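**Student:** First the structure, then my questions, so here it is.
The values are calculated or read from the model by the stated rules, or taken from the named source; none is laboratory data. Values in this document were obtained by computation on a predicted structure and should not be read as measured data. Heads up, the Cβs are rebuilt from the backbone with ideal geometry, glycines too, and the neighbour counts pull from every protein chain shown.
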Amino acid sequence: MPLSTALGCLCREFVLCGASRTRRARIFMKTPRHAIPVSDTPSILWELLRPLPLCILAVAAFLIFFNLGQRPLWQDEAETSRLAQTALTDGLPRAFDGTNLISQEEAREYNPDDGHVWRWSPWIQIYMSAAGIALFGENAAGDRFFFALAGLLCVAATYLLILRLFRDPAWAALSAGLLTLTVPFLLFCRQGRYYSMGTLLTLTAIYAFFSDWRHKNGPLVALALSMGLLFHANYLLFLSFVPSALACAVLLYHERLDIKRLLLLMAATMALVVPGLFMYRLGSQSGMFDILLVPENLMIYFADLIMFMIPLPVLAVLAWRWRRFFLFLSRPADPAERFVLFCALFTVLSLLLLALVPQRFHRYIVHLYPLCAILLAWAGMRLWRWSKPSGLVFLLLVGLTNWLHLYPLERTKLINRPWQNDFRMLTSPNFPLKLHLTELFSGYPDVNANILAFFQEHARPGQTILAEYGDLPLQFYTGLRVLGGLQGPPAPDEKPDWVLVRRSVRVNRDRLLFPARAFVHTLDLERDYDRLELPWPDEDFGNRADPYYHAFIPVEPPQLPLTIYRKKAGG
């Protein structure tokens with residue numbers, strides 16, 4: 001059986017390689033122990049113009065940019081784009097534009113006394129969205145353009161990182177190629193949010209760390225800028241990156257640390273970070289910590305890791321291979337293997353730290369996908385050198401299928417699959433790239449597109465819509481007054497012209513009913529409104545990138561239809 005053969009050969013090769021570690025160490029002692037060869041950055045950039053990396057980048061560009069605006073912005077994207085609209089008007093992102101309120105935290109994100117300036121999530125993504133809208137118009141493709149570009153640069157940075165450190169074009173190309181074929185990563189790159197930018201800054205920081213930052217000011221500045229900007233992309237990524245990276249550096253590359261330069265790096269980074277602590281009011285958000293959620297968060301994050309990033313059999317083999325490190329802190333002699341251990345350890349430590357955050361989302365670990373691709377590429381190359389057929393099977397499995405990720409979990413009954421998932425999603429054994437291409441070429445009847453089409457045809461200027469969810473896309477595309485979502489409770493005397501009722505019952509951070517749904521219960525819909533059932537299914541989110549929720553192919557009937565209430569004349 002190809003799968004069992006590949007796993008068996010992988011285990012055997014790693015074990016045999018471990019037995020020959022002493023011989024390899026003598027070979028590597030010809031250069032300084034644990035040294036990483038590096039090349040000059042300007043000369044390395046020219047390597048991107050070679051045929052193989054150009055082909056990889058061309059494929060990545062197609063998979064990221066093709067039909068980028070095909071599906072409209074969903075709720076979270078629309079939050080960023082609405083703030084971008086206010087930034088283009090006023091220079092600063094504001095949560096109120098004179099007509100509509102922009103909030104998904106029941107007005108926690110702003111203070112009316114300072115002009116509703118946005119003080120919740122960082123601003124880099126807002127200004128990236130604003131730049132796209134300014135250049136390409138108020139549409140989904142324009143909003144997402146610079147985020148998609150950052151995603152493409154992530155593929156290039158992955159290639160350059162390995163090529164610069166190890167002068168291994170095959171490993172560099174395979175790492176970039178596997179990242180290009182990683183469909184969850186592609187989905188997040190096609191979103192108008194910080195995900196791809198956070199990933200690019202993570203890669204840039206790692207690149208700078210291995211560029212002799214102890215002796216050269218250029219890499220030091222690049223490292224400080226990368227970490228500072230990472231905070232302003234998403235401070236959760238920064239707060240998980242810095243301790244994890246420092247711990248990995250101490251354990252695996254302590255010879256690359258210099259106390260004076262490290263203090264200088266910390267000072268430069270904090271100069272960029274400290275203003276954001278006050279700008280985003282992080283102190284007011286710290287009260288959301290809940291230690292009771294940590295065990296569940298850990299379980300789900302590690303489920304994400306083995307379902308979508310690194311298969312469980314690969315993790316098990318590597319844990320056994322690196323047992324001397326975990327028991328005695330004995331570092332691998334091979335510089336390439338030590339860097340792969342750095343990637344694995346950094347990933348695990350990041351998950352442990354992110355588990356402390358009350359809100360748990362797959363988007364918080366997107367920046368780890370390139371490191372996982374590097375690890376899988378290295379494992380595939382080691383297996384290839386031992387047994388070419390087994391190496392080929394392994395690379396095909398991790399590159400074109402999710403079988404190696406999911407089948408072991410299916411057999412052990414450990415798989416984390418939401419009950420409502422369709423079998424043509426990433427939580428079931430599939431060919432992910434085929435699903436992605438199907439959506440790109442065949443389109444998808446997005447729930448937000450259907451809602452927007454209805455209101456653009458039937459709603460009149462000056463009317464008010466109450467939406468239980470999806471209020472922000474309606475604001476962005478229609479320009480109407482839109483209440484609901486998590487803006488907070490509407491005024492008791494509010495009489496909306498339209499009421500968009502959603503089938504899913506949603507609760508806020510306090511596990512209380514959404515204020516919009518609670519307000520709908522106070523309306524006499526039967527007396528004052530006409531009920532309209534639309535010929536489209538009421539799906540939960542629309543174009544959400546999370547692999548647990550993203551649908552590539554429409555779910556077959558029966559499904560509950562979208563339901564809208566129209567106020568009667570004189571109602």
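**Student:** Where in region 139-189 are the helices (runs of 4 or more DSSP H), entirely inside, with at least 1 residues that are touching a Phe, Trp or Tyr at 6+ places or on another chain (Cβ under 6 Å) and small (Gly, Ala, Ser)?
**Tutor:** Details: elements: 140-166, 169-180, 183-189.
Per the criteria, 140-166, 169-180.
**Student:** Determine which member of the set ARG281, ARG324 is basic (Lys, Arg), over 28 Å from LEU230 (Cβ atoms) and surrounded by 12 or more Cβ atoms within 10 Å (Cβ to Cβ). Lay out the reasoning, then the answer.
**Tutor:** On the way: ARG281 fails: over 28 Å from LEU230 (Cβ atoms).
Just a single option satisfies the conditions, and that option is ARG324.
**Student:** Continuing with this model, one more query. Kindly evaluate LEU179 against the criterion of being closer than 19 Å to PHE66 by Cα and surrounded by 24 or more Cβ atoms within 10 Å (Cβ to Cβ).
**Tutor:** On the way: closer than 19 Å to PHE66 by Cα: yes; surrounded by 24 or more Cβ atoms within 10 Å (Cβ to Cβ): yes.
In short, yes.
**Student:** Then there is this: Name every residue in region 446-462 that is assigned to a loop (DSSP other than H, G, I, E, B) and crowded, with 17+ Cβ neighbours inside 10 Å, in order of residue number.
**Tutor:** Taking region 446-462 and keeping what is assigned to a loop (DSSP other than H, G, I, E, B), we get 446, 459-462.
Across region 446-462, the qualifying residues are ASP446, ALA459.
**Student:** Sticking with this structure for a sec: Any residue at all in region 434-445 that is without any contact (Cβ under 8 Å) to a residue 60 or more places away in the chain, in a loop (DSSP other than H, G, I, E, B) and in contact with a strand residue (DSSP E or B) (Cβ under 8 Å, 6 or more places away or on another chain)?
**Tutor:** Looking through region 434-445, none of the residues is without any contact (Cβ under 8 Å) to a residue 60 or more places away in the chain, in a loop (DSSP other than H, G, I, E, B) and in contact with a strand residue (DSSP E or B) (Cβ under 8 Å, 6 or more places away or on another chain).
**Student:** Which pairs turn up if I take residues in region 35-64 that are over 24 Å from ALA336 (Cβ atoms) and look for partners that are modelled with pLDDT of 85 or more and of a type in the set (D, E, K, R) with beta carbon separation below 7 Å, at least 6 apart in sequence or on another chain?
**Tutor:** Every condition considered, the pairs that remain are ILE64/ARG190.
**Student:** If you don't mind, there's one more thing I want to ask. List pairs: first in region 202-222 and on the phi > 0 side of the Ramachandran plot, second part of a loop (DSSP other than H, G, I, E, B), Cβ under 8 Å, 6+ apart or cross-chain?
**Tutor:** Correct list of pairs: ASP212/VAL38.
**Student:** Also: All but one of (1) among the small types (Gly, Ala, Ser); (2) in contact (Cβ under 8 Å) with a residue 24 or more places away in the chain; (3) farther than 19 Å from VAL59 by Cβ; (4) assigned to a helix (DSSP H, G or I) hold for ALA131; state the number of the condition that does not hold.
**Tutor:** Result: ALA131 passes all but (2).
**Student:** Here is a further query. Which of the following residues is within 29 Å of the chain's Cα centre (by Cα) and either part of a loop (DSSP other than H, G, I, E, B) or in the same structural domain as LEU532 (by TED's automatic domain parsing) (or both): LEU486, LEU500, LEU466? It would help to see each step written out before you state the result.
**Tutor:** Details: LEU500 fails: within 29 Å of the chain's Cα centre (by Cα); LEU466 fails: within 29 Å of the chain's Cα centre (by Cα).
Of LEU486, LEU500, LEU466, the one residue that is within 29 Å of the chain's Cα centre (by Cα) and either part of a loop (DSSP other than H, G, I, E, B) or in the same structural domain as LEU532 (by TED's automatic domain parsing) (or both) is LEU486.
**Student:** Filter region 402-442 for residues that are under 19 Å from the mean Cα position of the chain (by Cα), under 15 Å from PRO311 (Cβ atoms) and not aliphatic (A, V, I, L, M) and give the result.
**Tutor:** Result: ASN402, HIS405, ASN416, THR427, PRO432.
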